[in-house]
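Comments concern the structure below.
The values are calculated or read from the model by the stated rules, or taken from the named source; none is laboratory data. Note that the structure is predicted; figures quoted are calculated from it, not measured. Backbone-built Cβ (ideal geometry, glycine too); neighbour counts: all protein chains shown.
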Protein chains: 2
Amino acid sequence: MADTKVAIVGLGTVGTGVARLLLDHADRITRQTGRNVILEHVVVRDLAREREVALPPHKLSDDLANITNNPEISVVALLMGGLEPARTVALRILESGKDLVTANKALLAEHGTELFDRARELGRSIAFEAAVAGGIPIITNISQCLSANQISALRGILNGTSNFIISRMEEQAMSFAQALAEAQRLGYAEADPTMDIDGSDAAQKLAILAHIAFGARIHWTEIPRVGIDRLDSTDLQYARQLGYRIKLIGLAQLSQGQLEIHVSPNLVKIGRPLSEVRQAYNAVTVEGDAVGRLFFHGLGAGRMPTASAVVADLIDTITGRAPITFRALDLWSHRQSRVDRCDHSQVMGRFYLRFAVADHPGVLAEICGVLGRHRISIASVIQHEATDALDGYVPLVIMTHAASEGAAEAAVREIDQLKVVRAGTVRLRVLGG
Amino acid sequence: MADTKVAIVGLGTVGTGVARLLLDHADRITRQTGRNVILEHVVVRDLAREREVALPPHKLSDDLANITNNPEISVVALLMGGLEPARTVALRILESGKDLVTANKALLAEHGTELFDRARELGRSIAFEAAVAGGIPIITNISQCLSANQISALRGILNGTSNFIISRMEEQAMSFAQALAEAQRLGYAEADPTMDIDGSDAAQKLAILAHIAFGARIHWTEIPRVGIDRLDSTDLQYARQLGYRIKLIGLAQLSQGQLEIHVSPNLVKIGRPLSEVRQAYNAVTVEGDAVGRLFFHGLGAGRMPTASAVVADLIDTITGRAPITFRALDLWSHRQSRVDRCDHSQVMGRFYLRFAVADHPGVLAEICGVLGRHRISIASVIQHEATDALDGYVPLVIMTHAASEGAAEAAVREIDQLKVVRAGTVRLRVLGG
C-alpha cells in the first residue's frame, strides 16, 4: 500500500485533536483512503511548550521549511488562528506544491480571494469544512449534497460561545456578565470575547456560507450585525412568556431574487428546531427548492468535533474528492456575485420592542401612535402593573406584525425621544419563515 | 463546454422529479459539473401513460437498448421500484459501461452484493444517496463527512409513512386504522402498506446504514423488527403522561464491541430531537467518537426531496466524486463483517409494559413478583381507578429500569399466563442513549 505524507501547522486545541486522530486511528483513515496516511511533520510556534500528544523529536519543529522543502508531504492542515502569519504560511504551503486544509474562518473571510486565486493558479486545492460550525459538515452538505438545489434560505446558530451564554442566562437566570464569566471559566469564551459576542464570528461564518450557497460576494464587515452584549435577562423572560426563546441567528435568504443577510439576536418560536439548541451547540437550517427544509445540529467547536471535520477534509483531499469540489465551486474567484443584496432597511420582519415608560396615563396611546404613523401594527402587548417600576419607569413589551427594518428603526428612534420614554428601547427581530 | 449525457429508467414520482431538475435547472447542474448535462433518454414501462414532464418523442421509449446501446450516455438513474426487472436492468446498465445511480433501497438490500461486485469487476460505480431518508444526505454524511470517526450509534426515524400515522394517532387521537386510511388518502401510504407499517422498509434502510457505518453485513430480514400495526392510541396517551412520545426507531449501536440492531416503536423522551419529528419527516442521530452527536432532520420521501438526492448523485458521478467514494467504501464486498452482532436477547433497555389486569386486590403484587424474579426493577407505575375498566379489565402501565430483552420477553410471557391478566401485554422499548 502506498504512503501519503501529511503535515500540521499549529498544535493548539484543534491541531492536537487532528494529530491524535492521525496517530491513534490510522486504521480507519487507511480504510477510507486506501493509503497509509503518515503524519510526517508538525510545525509549532513555541517548541518549549508542553504538548498533549507525543511526537518523535524529528517530527516536531518551529521551521516551516521542514514542511515546504519536503516534497513527500502532499497535504498540510493549517491550524493556527489569526490572520498573520497564517496568511503567509498558507501561501508558502500552496507555493510549495501542497494542498491545504484549514479551520481558520477569519483567514478565509479576510483573504479568501487571494488564497483561492493563488491555489487555482498553482493547481492546488483548499478545503475548509472545519471553518464553519465545527463538527457539523455544513460546507460539504451545501456545496455537494445539495448541489441540485437553489438554496433559498440559511438560518443558523453559528457561534457556540454566545449560545452558551444565552442558554445560561435563560436557564439559570444569570446576567450577561455572570454568564460570560462562567463561559470564560469553562473555556467556552476567550479572554477577549469581543468577536464572539458582538456577532463578528457568526458574520464571518455566515459570509462563507452565503458565498457557497448563493454565490454572494460579501465581506463579513458588510453584514449588518447585532451582538448579544446588550441582551438583558428580562428580555429572555418576556420572550418566554410570549412563547419564544432568544438565539443569536445568522440569516441569509433570498427575497424576490435579492439577498437578505444579517446576524442578530432573534426571538425563535419555542418548538422550532433552532429554539431547542442549547449550550455550545450549533445548528443550521437550510432550505432548497427541491429538498425542502433540512436541519443540522451538532457541536460547533471543541477539539475533537473540529478535528473530525479537518481529518474528513484531509481524507477528501487525499482521495481526490476535495480537489474536484474546489475546482467546481470556483470560490472567491473574480467571478461576479450571483446575487444582489437587498437594501437592509427594506428587510421585512416582526419585531419585539421593550420600552421603559413612565407610569402615566396615555403613554401606550402615544407609543402606538408613533408606530401607527410608521405603519407598524401591533400583534401583542405585555404591560404589568407598576410593581415592576424601576426609577419610575415600567417595562412595556410590544410584538409587532411585519414591518420593514427601516420603519422599525425610525419608529424606535422617534419613541426614544418621547418625554414619557427612557431612551435605549430594546428592539429584537422575530425569526420568520 | 463538453457534454455529458445521462438517462433515466422509470418515470414515476421520483423519475419525474429528476427529469424536471435536469430539464428545468440545467444551469445549476452545469455550474456544479463544468459540463452540459443532457438528459438523453428516458425508458419507461408503459409508453401510453400520461406524463407530467414533456420530452421530445425520440427521447422516450420502452426499450432499454436505447440506453445501453448508446455509448454517449455515461450515467443512468435507475428509478423503478421492486426487485425485478430492476435487478436485470441494473446489471445491463453496468455491463453496457455506464455508472449507476439508484433510489431503490429494496434492490440494494436484496442484491447489493451481486450489483456492487459486478460494478467493481466492470470498473463502474453505484451511488444511492436517495435510497435512505430521501432528501437527508445521510449516506454522504456517514460515508464521507464523518470518515474520521468510529461511529458508535445510529438512531433514526426512517419511515415517513409510519411516522405520519403515529403523528396523526397522537395529535388527532385517531385509531391506527383511521390514521392509516388518512395516510393512504393523502398518498403517504401505498395501497398495500405492509412494508412500511411492519418495520420492513425501515429495516432495509437500517441494514444499508449499518453496512456503511459499521461494516456490518446483515440481511434486513435478520434485523429484529416490530411494526406499528399493533400500536394503540392508549399507549400514545400513557407515553405522553410519562413524558414521552412513541416513534418507530431504527437503531444500530455498538455495545462492548458488538452490534445491537433492531427496528421497533420506542418511547422517546419529549425534548429529545427525535421526539419532535412530526408527520412524514425523517431524522437520524449519528454518534461518532470524534464528532459527538449529530442530528439530521428533513423530508424522507416525496418527489423533489428524493430527486434532490438523485441529482446530487448524478453530479457526484459526473464530477468523479462518487466513483472515488464507491471504490473507497468497498460496500457489499465479500470482505468479512467488521463487527459481530450481539445476542438480541441480551440487549439491554428500559421497557414500557401495559397490562390488562382484573380489578382484584393483589394483582400488582403478583405482576411485580414475576418481574422481580426476572430481575426487572420498576421505575414507575400508572394505574387509574377502575372507571377505565373494559370487560372487567383495567390498564396497568409499568416502566422498568434497564433489563435485557430476553428477561423482559420471558417475564411478559409468564405474566400473560396469570389468571388475573388478559394475554396480549404491550411491551415497547424506551429509547436510551
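Brief remarks follow.
- Counting the residues of the range B:203-222 that are buried (at least 23 other Cβ atoms within 10 Å of the Cβ) and part of a loop (DSSP other than H, G, I, E, B) gives 0.
- Residue in the range B:138-153 that is surrounded by fewer than 19 Cβ atoms within 10 Å (Cβ to Cβ), without any contact (Cβ under 8 Å) to a residue 12 or more places away in the chain and farther than 17 Å from B:Ala109 by Cα present: no
- Only one entry in B:Gly300, B:Gly257, B:Gly271 is at the interface with chain A (Cβ under 8 Å from one of its Cβ atoms) and among the small types (Gly, Ala, Ser), namely B:Gly271.
- The sole residue among B:Ser308, B:Ser275 that is polar (S, T, N, Q) and without any contact (Cβ under 8 Å) to a residue 40 or more places away in the chain is B:Ser275.
- When the range A:108-128 is limited to residues that are in a helix (DSSP H, G or I) and in contact with a strand residue (DSSP E or B) (Cβ under 8 Å, 6 or more places away or on another chain), the one that is farthest from A:Ala203 (Cα to Cα) turns out to be A:Ala119.
- Between A:Ala216, A:Ala290, the distinction of being small (Gly, Ala, Ser) and under 26 Å from A:Ala130 (Cβ atoms) belongs to A:Ala216 only.
A quick yes/no check of all residues on (1) at pLDDT below 95; (2) within 11 Å of chain B (Cβ to nearest Cβ); (3) at positive phi; (4) out of contact with any Lys or Arg (no Cβ under 9 Å at 6 or more places or on another chain):
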residue: A:Glu121; (1), (2), (3), (4): no, no, no, yes
residue: A:Ile126; (1), (2), (3), (4): no, no, no, yes
residue: A:Val132; (1), (2), (3), (4): no, no, no, no
residue: A:Ile136; (1), (2), (3), (4): no, yes, no, yes
residue: A:Asn141; (1), (2), (3), (4): no, yes, no, yes
residue: A:Gln144; (1), (2), (3), (4): no, yes, no, no
residue: A:Ile151; (1), (2), (3), (4): no, yes, no, yes
residue: A:Leu158; (1), (2), (3), (4): no, no, no, no
residue: A:Asn163; (1), (2), (3), (4): no, no, no, no
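- Restricting attention to the range A:297-324, the residues that are surrounded by fewer than 24 Cβ atoms within 10 Å (Cβ to Cβ) and basic (Lys, Arg) total 1.
- Answer residue from the range B:36-66, given it is modelled with pLDDT under 95 and touching a Ser or Thr at 6+ places or on another chain (Cβ under 9 Å) and is farthest from the other protein chains (Cβ to nearest Cβ) among those: B:Leu47
- For the range B:373-408, the tally of residues that are more than 21 Å from B:Gly424 (Cβ to Cβ), surrounded by 13 or more Cβ atoms within 10 Å (Cβ to Cβ) and free of Cβ contacts under 8 Å to residues at least 40 places away in the same chain stands at 1.
- Each residue in the range A:285-297 was checked for being within 8 Å of another protein chain (Cβ to nearest Cβ) and either among the polar types (S, T, N, Q) or in contact (Cβ under 8 Å) with a residue 40 or more places away in the chain (or both), and 7 pass.
- Answer residue from the range A:325-336, given it is out of contact with any strand residue (DSSP E or B) (no Cβ under 9 Å at 6 or more places or on another chain) and more than 9 Å from chain B (Cβ to nearest Cβ) and is surrounded by the most Cβ atoms within 10 Å (Cβ to Cβ) among those: A:Trp332
- When the range B:309-324 is limited to residues that are closer than 21 Å to A:Gly288 by Cα and of a type in the set (D, E, K, R), the one that is farthest from the other protein chains (Cβ to nearest Cβ) turns out to be B:Asp313.
- Among residues of the range B:317-349, those that are modelled with pLDDT of 90 or more, part of a helix (DSSP H, G or I) and of a type outside the set (Gly, Ala, Ser), counted: 11
- Among the residues of the range B:371-392, those that are modelled with pLDDT of 85 or more and hydrophobic (A, V, I, L, M, F, W, C) comprise B:Leu371, B:Ile376, B:Ile378, B:Ala379, B:Val381, B:Ile382.
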